[in-house]
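Below you'll find the structure, written out as structure tokens, and then a few comments.
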Amino acid sequence: MASDRTVMAARFVVKPLYIQVRDAMIERIGKGEWKPGGALPNEIDLARGYGISSGTMRKALDLLEVERAVTRQQGRGTYVTDQSSDALVSRFWRIGGVDEATAVGDSKAVDIVEAPANDEERRRLNLGPDDRVYRIRGIYLNRRLPFMVEQASLPAALFPGLLEMKGAPHRVSVLAQQQGILLGKAEERISIASAPASAAEALRIAADTPVMLLDRLLLSVDRQPVEWRIAHCNLAGGYFYLAEMT
């Protein structure tokens, strides 16, 4: 017979019912049972399908909406969020310019390579000693002038066959959606640093020129590291980092 301590421990590891429902719905969205942009069944039908109360279903949907996995439209219903849409991409893009709140420039992938993860990539992406990564180097242009250069590292296991995907976009939001990965929070550190030689060359500035350094770790909704990115942004063009506070 289980001891009281064992019973109490079991209670603490059991997730609340609405969290379990949220997890089950995340899994179905990730598997493509509910497509990006598609409508979910109504709240009553969902509750009936999962055998739960409407209140519990509403709490699960509230959490999914906070995590941006779904979008509710008043009077119309609940829809699976399209992570590749410009509105969703912008939540990970905080660079502003003189002429507009956000400087959404054209981007291009300079190169994509697959390699064994180095020590820092293993630490930041929570990888093992034998894991590999894709490294994507890109340059962002505004009015045809480069203003930011970045290198992103992605766990290769999460994006199988990326090198063989002809014409594949290198935006992580698009790549993640293709693989059924739902993006969650990002943690970004901002500082001022001297431009390394490779970044200075890409930005057409002198080496050691002060630039804005962005160090970002992007997580899935289940807090699995999806991308680690280092970017250097030219300050001379009047660019800034936009932080919204609520």
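The values are calculated or read from the model by the stated rules, or taken from the named source; none is laboratory data. Only a predicted model underlies this, so the values are computations on that prediction, with no experimental measurement involved. Here Cβ is always computed from backbone atoms with ideal geometry, including for glycine, and neighbour counts include all displayed protein chains.
Among the residues of the range 233-246, are any modelled with pLDDT of 95 or more and not acidic (Asp, Glu)? Within the range 233-246 (the criterion being modelled with pLDDT of 95 or more and not acidic (Asp, Glu)), the answer is no, since none of the residues qualifies. Annotation: of all residues in the range 123-146 being assigned to a helix (DSSP H, G or I) and in contact (Cβ under 8 Å) with a residue 24 or more places away in the chain, the one that is surrounded by the most Cβ atoms within 10 Å (Cβ to Cβ) is Leu125. Hey, can you tell me all the residues within the range 45-83 that are among the acidic types (Asp, Glu) and more than 17 Å from the chain's Cα centre (by Cα)? Those that are among the acidic types (Asp, Glu) and more than 17 Å from the chain's Cα centre (by Cα): Asp45, Asp62. Sub-6 Å Cβ pairs linking a first residue in the range 1-28 that is in a helix (DSSP H, G or I) to a second residue that is modelled with pLDDT of 85 or more and among the hydroxyl-bearing types (Ser, Thr, Tyr), at least 6 apart or interchain, are Leu17/Thr56; Tyr18/Thr56; Val21/Tyr50, ordered by first then second residue. The set of residues in the range 201-211 being buried (at least 20 other Cβ atoms within 10 Å of the Cβ) and touching a helix residue (DSSP H, G or I) at 6+ places or on another chain (Cβ under 8 Å) consists of Val211 alone. With respect to Val113, is the statement that it is surrounded by 16 or more Cβ atoms within 10 Å (Cβ to Cβ), modelled with pLDDT of 70 or more and touching a strand residue (DSSP E or B) at 6+ places or on another chain (Cβ under 9 Å) true? So Val113 fails the test. Does Glu227 satisfy the condition of being of a type in the set (Asp, Glu), modelled with pLDDT of 90 or more and either in the same structural domain as Ala60 (by TED's automatic domain parsing) or surrounded by 18 or more Cβ atoms within 10 Å (Cβ to Cβ) (or both)? Yes.
No other residue among Leu235, Leu183, Leu203, Leu242 is within 22 Å of Ala156 (Cβ to Cβ) and out of contact with any Cys (no Cβ under 8 Å at 6 or more places or on another chain) apart from Leu183.
Checking each residue in the range 215-236 for being touching a residue at least 40 places away in the same chain (Cβ under 8 Å) and either in contact with an Asp or Glu (Cβ under 8 Å, 6 or more places away or on another chain) or in a loop (DSSP other than H, G, I, E, B) (or both) picks out Arg216, Leu217, Leu218, Val221, Asp222, Gln224, Trp228, Arg229, Ile230, Ala231, His232. Exactly one residue out of Asp62, Asp82 is part of a loop (DSSP other than H, G, I, E, B), at pLDDT 80 or above and surrounded by 12 or more Cβ atoms within 10 Å (Cβ to Cβ), and it is Asp82.
Applying the set (1) surrounded by fewer than 19 Cβ atoms within 10 Å (Cβ to Cβ); (2) touching a Pro at 6+ places or on another chain (Cβ under 9 Å); (3) closer than 20 Å to Gly32 by Cβ to Leu219 leaves exactly one unmet item: (3). Of all residues in the range 160-200, those satisfying the criterion of being in a helix (DSSP H, G or I), surrounded by 13 or more Cβ atoms within 10 Å (Cβ to Cβ) and modelled with pLDDT of 90 or more are Ser198, Ala199, Ala200.
Of the residues that make up the range 140-149, is at least one among the aromatic types (Phe, Trp, Tyr) and within 30 Å of Arg28 (Cα to Cα)? Scanning the range 140-149 turns up no residue that is among the aromatic types (Phe, Trp, Tyr) and within 30 Å of Arg28 (Cα to Cα).
Residues in the range 50-71 that are touching a helix residue (DSSP H, G or I) at 6+ places or on another chain (Cβ under 9 Å) and closer than 15 Å to Ile29 by Cβ: Tyr50, Ala60, Leu61, Leu63, Leu64, Glu67, Arg68, Ala69, Val70, Thr71.
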